[in-house]
Every structure is written in structure tokens, then in C-alpha cells.
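Below is one structure, written out as C-alpha cells; the observations come after it.
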Amino acid sequence: MEQNDSVLRLKQLREELHHHNYRYYILNEPLISDYEYDKKMAELIDLEHKHPELTDANSPSVRVGSDLSSDFRSVPHKYPMLSLGNTYSEEELRDFVNRVEKNIGHPVTFVCELKYDGTAISLTYEKGMLVLGVTRGDGVMGDDVTANVRTIKSIPLKLHGNYPELFEIRGEIFMPHVGFDQINAEREAAGELAFANPRNAAAGSLKLQNSSQVAKRPLECFLYHLITDTPPANSHYETLKTVQSWGLRISPHMQLCRSFDEVFNFIRYWDNARKDLPYDIDGVVIKVDDLQLRDELGFTAKSPRWAIAYKFKAESVFTQLLSVDFQVGRTGAITPVANLNPVQLAGTTVKRASLHNADIIAALDLHLNDVVSVEKGGEIIPKITGVDAGLRQPGSPKVAFITNCPECGTPLIRIEGEAAHYCPNAVACPPQIKGKIEHFISRKAMNIDGLGSETVALLYQQGLVHTVSDLYRLKPSHLSGLERLGSKSAANIVTGINESRKVPFARVLFALGIRFVGETVAKTLTQAMPSINQIMNATYDELIAIDEIGDKIAGSIIAWFADSENRRLIEDLQSFGLQMEAINNKQEAASDNLKGMSIVISGVFSRPRDEFKSMIEAHGGKNVSAISSKTDLVLAGENMGPAKLAQAQKLGIKIISENEFMQLIES
Ligand code: IVH
């Protein structure tokens, strides 16, 4: 192809693909097959490689995302991103409608829309091109997630028709059920934590640092609020219809309602029909349709007076309780879990529900085979919220809390003031032993590569590892003979275990799995008491004198070290060379240069940000994420976001470079 021809072809392909995206993602009326589409895309990508001078941030090919990782720039919203007043009650909704009509002086037409349960986004289009995508943030400032937004196929990069030169449009980014289930299945298979719900999955995905990862997440978007100096119509309903003609995907299922009854019928309909939607909605948004009336009504400090969200109560279904299992966690806490007759709830099949503790079971007066109502709150594990005692079969036995550990038979104990039952047999109860080892090797603790829960179970079963200190006695020869472990993985595991001897003291303390001593508490403790001997011999009073250490934590630490088995474990670990003193703390003592300072890090540096974070902490400062009047210092790398820069300047906060920072801590 002649040079000119290929440039023309490239441009033509971009136009064509923009149009096919519109037909496919917005209208749901594709004109060509996926195969033909993919072929065109491949041709475009190929031509773009050959013509880097024709780079276009809005080319249809950017849908696949970039591999560059970005640190989000914080940008101010031109108009604050407010939230909506909300209600769960029909009466309050009636009050809202009456209030609006009284204010205006005559009956008003409302638009009812679905309330999508995702994460809010504000898009800016300039000359028909997507130029900016910003999250809500705190409503005043948000994160610039443009690169990520560009990978979402239902957000057009380029518009057509008669759009205003410059406008902002807001909407919701969400993840449909099918994609959510698939992502979670993949995460679980990879041993990663599953997302609790599609909303978290959408919000988390949008904040990924790598847009090519975002491109793989099945995100979608509906738009519902146009902001422009040149509105295309006088009513919201007409505005959205017009917006649609520019190629934007608007909120579907919206309806004009001319009375409270019409509004409430819409709500009733969708409260039932939502279970058939392929995505989550959590209510209905009711908005005044006439834009001039909206201006008359105005805003309160927090939300518009012309709109309200009616929220649905959590969805619940009835099903039968089949049995109750009792699980033993690594701390010995017993969790009762209900096995249910599988039932569809909020888009997923529910087979199990948490029963939390003995008090909850007693309060429900739960009997085996009861018909129970199951509800899904914000969490992935649903809960049992009620029992239909009227349907109880005569003679069904009451669900009794167990008295002995289901794993080791030890009588359970209940600590005063606590809801949970515990198995006190910490040293010999198998799930507690395995759970402690799994916690010890986990990423945030000793981070031992190559060891997973299956291998831990195997090592335990073979009698090779009984306490975490046994790990340091392992030799490659112990491992290589085991089922599924070759000599290479055996060597890797031993290397991982050896490497863990360098893990800093705070993480070792966390890895021990003392109740209530999480990551943060472990850090606080090691800062106040930088050696294991100090912590081990500390009195209750000395412990609670430490900031953020209260009665519960202090009591748990004292009890843990009072146990001679645990003291022996510490001696063992010490003999294997684990870090039992905070080395950094000693260096810290050498510099108080940043003592008490709140420091914001922004921009790109010559080495990873985490290193600056650690240096700040090591020299007595605190790393905070947002600039406020309380910030003392901004450590600015290259390409610091202009909004952050402006804000720091406005507040008169000192801004220093990487070099100046190094001088400051080394002085
Ligand atoms: S209108 C000023 N319409 O719900 C008006 N919001 O609780 C802005 N939401 O912040 C909002 N679906 O994130 C509007 N059809 C819809 C919506 C919707 C979901 C979200 C949005 C908003 C929050 C308010």
C-alpha cells in the first residue's frame, strides 16, 4: 500500500469501528459479525504500529488498554458531585412529591429511573471526543481514571450528531452478574480474595493501576445526568433521548410519571422485576423532569431538592435449612454455617449462610428443616434473618450449639463478654494448627513463596510440620518425596522459608497470629516496644499506655505470652534467626527529622513509592494520601498532578523534590 493509502485506510477503519461500536454496544444492533469486527481491529492495530505519528488517544484500539501503570491524578470537579437524598419509605416519598409540588405551586412531572448499583463516574467530552473520566472522590476532587474508562466498551470515545462543543455527563459504572461470577471464579481459582459484590468489583476494577487489566474486567456504564451551558432540551427526559442520539448509552427503563401513584407503580414493578435484570439495582431515582423547575428548586448543601432515591429493602427469599456445620478457625473460634436447599437470590445461587454465633441461633429459635428467610446484605455470605415457625414440621429438633470441638473433641469454652465459642486446644486441634501455619506464611505475614494451603495440609498430614517453627527444620529431601512436589518446587519452598528470616519484626509479630494483633497493631507495638523481649515481658499497664492499644488487645497479648508453649515457640524462632527486633526502629531513633509530619507523595520517582513511604515512617513522619490544611509537606516527583500542585500552593504547603527529601532525612 502507498503511504497515503494506508493513512487513509487507518482513518477509515477508525471511523468504521467507532460506528460498529455504537451499533453493537449502544444500540445492540450489530451490522457485522464478531469475526469481521476482529479482523478490522487487527488491521487497524497493525496500521497504527506502522504509523506511530497518527496516535489517537480515542482510537477504537485503545479499548484493549495500555500496559503503562498510572498513579491517579486528583482533579477538581467543575461542579461538585453531590449525592441524593434517600428513603426506604412510601410515606417519605409522598412527602417529597408533595414538597416539590407545593414549592412549585402546581402538579409536576417526574422521571423515574433505575438506581444502578455501581460506582459514579463523570465524563467530559470536548468536540465530540472523550477527554476526561473522573471518579466521585470526595465530591469536590476525584481521581482521573480516563485511561481506564477508555477501555469500557459502552462508553463511546467519539460522538456523532449535534453535540455541544463541551459538556460533562455523569453516570454509573457497574459489573453485570455474569461477569462478576466469572471474575470471582477466576480469583478463587487463583487463590485470591473474591469480591464481596458487583459494586465493589466495579469500583475496584476502575481503580486498577493497569488499564490493560481493566480492559479484561466486564464493566458497563449507563449515563443519566448531562451538564452543559447549552442544554439540548428543556426536559430531562428529552435531554437523555437527545444524548442517546450522540451515541451515549443512557439509563434504560426510564419513565415519565405524572402522579405519585404512577411513581409508586414504577417502584413496585421494579422491586419485583429487578431479580430478572442482568445487573444489580438498589432502588429507583425520582427526578423532576422540567429543567427550569429544577433551577427553581435548587440544592441543599448535600443534594438536589429536585430528586430523591427510593431504596429497595435487601432482597430476601425463603428456603429450607438442611443442616448446620460448625467450622473451626485458626484462633479456635467456632462459626456455625447453615446448609440450605439451594435457592436463587439477587442473581446468584445461595447454598450456605452464616449463623454467626450461638446467640443468633437462639434468637431465631432455629429448628432443623425450618423454612428460613435468607437475605443478602453487602457481604458475599448471606444471612438467615427469620424463620417461618408456622411451617415447622412437628418434632423437628432444635438446632443445638455443639459443646465439643467437631475436629478434636475438646470441650468448647466461651469467654465472658464474647459471643463466640472457642476450642481451647490450640496446640493439637488440626484446623487451628493448619490455620496458624497458613496465616504465618501468608503474603502480609512471612510471605513464604511456593507454600499454599494444600502443601501445608500435606506437610501436617505427613507429620513434618506441627508448629510454625517446624518450617525452619525442613530440608529439600523432606519435601521432594511428597505427592505432587518435584525437586524444583521443594527447593523453591526451602529458599522461600530461608528468605523469610529477613522479614521485619513487625510482620513476624503479626505472623504469630495473636488475637487482635493485626498488621496495624503489630506495627504500633513494635514502634513502642522494638524487641520481642520487651513485648513478652510488658505488663498490662505498660501495654495500654501505648496509643491505640486498649484493654482487649493488651489482655490478649498477656494471655498469649503467658502460655509456656508460645514462649518456647518464640525461643525456637529466635534460634532459627527470625527478626525479633525492629532494626529500622534503631535507625529511626537516629532521625526524628520528620517527626509528627503529615506528608503527601505525588508524582513519579526514581524508585518505588513504597520505599519513600517506609522512609517517611522510619524518620517519624506519616504518609497521607490527600492534601489538606493538615498536610505539612508534599514530596513531589515528576509529573505531579496539576490539581494537587495548585491545592498545595493555595494552602501554602511546602513542596520538596526527591533530592531535597533525601537531604532532609539524611541531615
Ligand atoms: S442522579 C445530581 N440517577 O446513586 C443527580 N444517580 O445515591 C446525580 N445512581 O451519586 C445522581 N443510578 O452514583 C442518578 N439513575 C440514576 C442513578 C444514580 C445510580 C447513583 C449515583 C448517585 C447515587 C446517589
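Here are a few things to note about the model shown:
- Take every Cα pair under 8 Å whose residues are at least 6 apart in sequence, average their separation, divide by the length of segment 418-565, and the relative contact order is 19 percent.
- Unpartnered cysteines - no second Cys beta carbon under 4.7 Å - across the chain: 112, 221, 257
- Reachable aspartates and glutamates from residue 115, criterion Cα separation under 14 angstrom, eight or more residues apart if same chain: 172, 271, 280, 282
- Pairs exceeding 24 Å between alpha-carbon atoms, taken from 153/207; 287/311; 102/302; 398/436; 78/622: 398/436; 78/622.
- Applying a threshold of 23 Å to the alpha-carbon distances of 523/552; 275/383; 376/552 flags 376/552 as lying beyond it.
- Cα centroid separation - segment 405-451 against segment 283-359, whole Å: 31 Å
- Assigned charges on the beta-carbon of Lys, Arg, Asp, Glu; segment 63-182 dipole about Cα centre (debye): 440 debye
- Considering only alpha-carbon pairs that sit under 8 angstrom and 6 or more positions apart, the relative contact order computed for the chain is 9 percent.
- Computed about the Cα centre, the dipole magnitude for segment 174-297 is approximately 320 debye when only Lys and Arg (+1) and Asp and Glu (-1) carry charge, each at its Cβ.
- At R0 = 56 Å, FRET efficiency that the Cβ-Cβ distance of residue 261 and residue 655 yields, to 0.05: 0.40
- Relative contact order (%) - criterion: Cα under 8 Å, at least six apart; region: segment 372-454: 13 percent
- With neighbour counts taken as other beta-carbon atoms within 10 Å, the residues 129, 580, 254 rank, fewest first, as 129, 580, 254.
- What you get for the chain, charging only the Cβ of Lys and Arg (+1) and of Asp and Glu (-1), is a dipole of about 380 debye around the Cα centre.
- Each peptide in 599-609, 82-92 receives the mean, over its residues, of other Cβ atoms within 10 Å, and ordering these scores from highest gives 599-609, 82-92.
- Farthest towards the positive end of the charge dipole of the chain, among the residues 240, 415, 344, is the Cα of 415, using unit charges on the Cβ of Lys, Arg, Asp and Glu.
- Order of 110, 96 under a 10 Å beta carbon neighbour criterion, fewest first: 96, 110
- Considering only 569, 604, 559, and ranking their Cα positions along the charge dipole of segment 541-639 that arises from unit charges at the beta-carbon of Lys, Arg, Asp and Glu, the one farthest toward the positive end is 604.
- Proxy reagent accessibility, fewest Cβ within 10 Å first, across 567, 73: 567, 73
- Between segment 114-154 and segment 190-245, the alpha-carbon center distance in angstrom: 7 Å
- Residue (of 544, 256, 76) at the positive-pole extreme of the chain, dipole from beta-carbon charges: 544
- Protection proxy ranking of 626-633, 421-428, by the mean of other Cβ atoms within 10 Å over each peptide's residues and highest first, is 421-428, 626-633.
- Label-reachable residues, segment 482-519, where backbone N falls under 15 Å from a point 7 Å from residue 531's Cα toward its Cβ: 505
- Residue 55 paired with residue 470, simple spin-label distance in nm, labels 7 Å along Cα-to-beta-carbon: 5.7 nm
- Between the Cα long axis of helix 236-245 and the first principal axis of the chain there is an angle of about 90°, rounded to the nearest 10.
- Gained length - residue 192 relative to residue 302, 0.36 nm times residue gap less alpha-carbon distance: 35.8 nm
No lab work stands behind these numbers, since they all come straight from the coordinates. As the structure is a computational prediction, the values presented were derived from the model and not from experiment. Positions of Cβ are generated from backbone atoms using ideal geometry, with glycine treated the same way; all protein chains shown enter the neighbour counts.
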